[in-house]
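Heads up, the thing below is written out as structure tokens.
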Amino acid sequence: MRFDEAYSGKVFIMSRPSQEEAKVVIYGMPMDWTVSFRPGSRFGPNRIREASLGLEEYSPYMDKHLEEVSYFDAGDIPLPFGNPQRSLDMIQDYVQGLLNQGKFPLGLGGEHLVSWPIFQAMYEKYNDMAIIHIDAHADLREEYEGEPLSHSTPIRKACGLIGPENVYSFGIRSGMREEFQYAKDSGMHMSKYEVVRPLREVLPKLAGRNVYVTIDIDVLDPAFAPGTGTAEAGGITSKELLEAIQLIAQSDINVIGADLVEVAPIYDPTEQTVIAASKFIREMLLGWIK
């Protein structure tokens, strides 16, 4: 059952009709209540779904077809507009429910703060977990202008939850001096600017681990993904992010869940951002579900 039985929006291409039989549940988190620059990511999940309808069901990268993976698109969690804490509580409760059912949660954001309650839910089940974080921003602030619930804080919160030594960030090219100093002093792994080369080096060290993967679309250069709230020049290409997804698929880690966040369609009339995001979701479905 979807969140709203009268839901008339799009679903991700080839979504199965029943959640009970699905291995993976795709769900949307339409929240942008704490963004510090440009709002609009609450519209990301549905536009990613719409763009998916233009995808081929077959991936030459993975040599697999979407019919080989059983997944269900549940629609968007009905988050209360402007209420961050209640929204985060609802996300955590929902993901805990999916995990209790043995489902693989695949979330569509929404601002990056939505990953924080997912981390909490995942950690309750997998207390040995690591996090792979692919992003332009460090997200290591403790607060933003006095507000601890901010899209600039989820990775710092994750470090406090699972230990900084279990957090691996890639593609980082923006943040406060203090954030980069924290990364250096705390023992977490941070790779600046690049994703593919350092990821190739780190993945063997994570072999056998339970790993949650969170991807912020702004890791891409704005030339490839202008539709995001806080774009940062100097990013990677869509091809590089596809390669990173493939590397994770080919590795010996156990991906336990994932999300893709910060798609803000209003800033990209060409729709290249949502088109890219839908392709990344396809590759995650085909590559990360064992």
Q. Using a 1.4 Å probe, what is the accessible area per residue for the chain, in Å²?
A. 40 Å²
Q) Which of the listed residues, Asn100, Tyr144, Pro30, is farthest toward the dipole's positive end in the chain, when Lys, Arg count +1 and Asp, Glu count -1 at the beta-carbon? A) Asn100
Q: Please work out the FRET efficiency for the pair Arg38 and Ala207, using the Cβ-Cβ distance as r and a Förster radius of 51 Å; give the result to the nearest 0.05.
A: 0.85
Q. So what is the relative contact order for the chain, in percent, with contacts set as C-alpha pairs under 8 Å and at least six apart?
A. 22 percent
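Let me check against my output: what whole-number percent is the relative contact order of segment 54-124, with C-alpha pairs under 8 Å and at least 6 apart? Mind showing how you got there, number by number?
Details: 36 pairs, mean separation 17.3, N = 71.
In percent, rounded to a whole number, it is 24.
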Q. Just from its helices, what would the mean residue ellipticity at 222 nm be for the chain, if runs of 4 or more DSSP H residues each count -39500 (n - 2.57) and the sum is divided by every residue, rounded to the nearest 500 deg cm²/dmol?
A. -10000 deg cm²/dmol
Q.
Could you tell me the calculated FRET efficiency between Glu178 and Ile266, based on Cβ-Cβ distance and R0 = 41 angstrom, to the nearest 0.05?
A. 0.85
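Which value, in debye to the nearest 20, describes the size of the charge dipole of the chain about its Cα centre when Lys and Arg Cβ atoms bear +1, Asp and Glu Cβ atoms bear -1, and nothing else is charged?
The dipole of the chain has a size of about 340 debye.
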Q) Which ³J(HN,Hα) values in Hz, rounded to whole numbers, follow from the phi angles of segment 15-25 under the Karplus curve 6.51 cos²θ - 1.76 cosθ + 1.60, where θ = phi - 60° and Gly and Pro get x? A) 4, 6, x, 10, 6, 4, 8, 8, 7, 10, 10
Q: Show me 14-23, 225-234 ranked by packing, highest mean number of other Cβ atoms within 10 Å first.
A: 225-234, 14-23
Q: Name the residue farthest towards the positive end of the dipole of the chain from the options Asn46, Asn166, Pro154, assuming +1 on Cβ of Lys and Arg, -1 on Cβ of Asp and Glu, about the Cα centre.
A: Asn166
Q. What figure in square angstrom, to the nearest 10, would you give for the accessible area of Ile155 with a 1.4 Å probe?
A. 0 Å²
Q: Mind running the shape call on the chain? Use the C-alpha gyration tensor, a ≥ b ≥ c as the square roots of the eigenvalues: rounded below 1.5 for a/c, prolate if a/b tops b/c, oblate otherwise.
A: rounded
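Compute the FRET efficiency between Tyr58 and Glu165 as 1/(1 + (r/R0)^6), taking r as their Cβ-Cβ distance and R0 = 35 Å, and round to the nearest 0.05.
The value I calculate is 0.35.
In debye, nearest 20: dipole of segment 136-290 around its Cα centre with unit charges on the Cβ of K, R (+) and D, E (-)?
It comes to approximately 600 debye.
Under a 1.4 angstrom probe, counting protein chains only, how are Glu111, Glu124, Glu145, Glu50 ranked by accessible area, largest first?
Order by accessible area, largest first: Glu145, Glu124, Glu50, Glu111.
For segment 109-161, rounded, prolate or oblate, judged on the Cα gyration tensor with a ≥ b ≥ c (square roots of eigenvalues), a/c < 1.5 rounded, else prolate if a/b > b/c?
Prolate, since a/c reaches 1.5 and a/b exceeds b/c.
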Q: With a 1.4 Å probe and every protein chain kept in, tell me what percent of the accessible surface of segment 112-238 is carbon plus sulfur.
A: 47 percent
Q: In nm, give the distance between the simple-model label positions of Arg200 and Ala233, each being 7 Å from the Cα along the Cα-to-Cβ direction.
A: 2.9 nm
Q: Would you work out if segment 145-196 is rounded, prolate or oblate? Take a ≥ b ≥ c from the square roots of the eigenvalues of the alpha-carbon gyration tensor; rounded if a/c is under 1.5, else prolate when a/b is larger than b/c, oblate otherwise.
A: oblate
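Sorting His65, His133, His151 by accessible area (1.4 Å probe), largest first, what list results?
From most accessible down to least: His65, His151, His133.
The values are calculated or read from the model by the stated rules, or taken from the named source; none is laboratory data. On a predicted model such as this, the values are computed, not experimentally measured, just so you know. Positions of Cβ are backbone-derived with ideal geometry, glycine not excepted, and every protein chain shown enters the neighbour counts. To get the accessible areas, we keep the full protein, side chains included, count just its heavy atoms, and leave off ligands, DNA and RNA. Shrake-Rupley method; radii C 1.70, N 1.55, O 1.52, S 1.80 Å.
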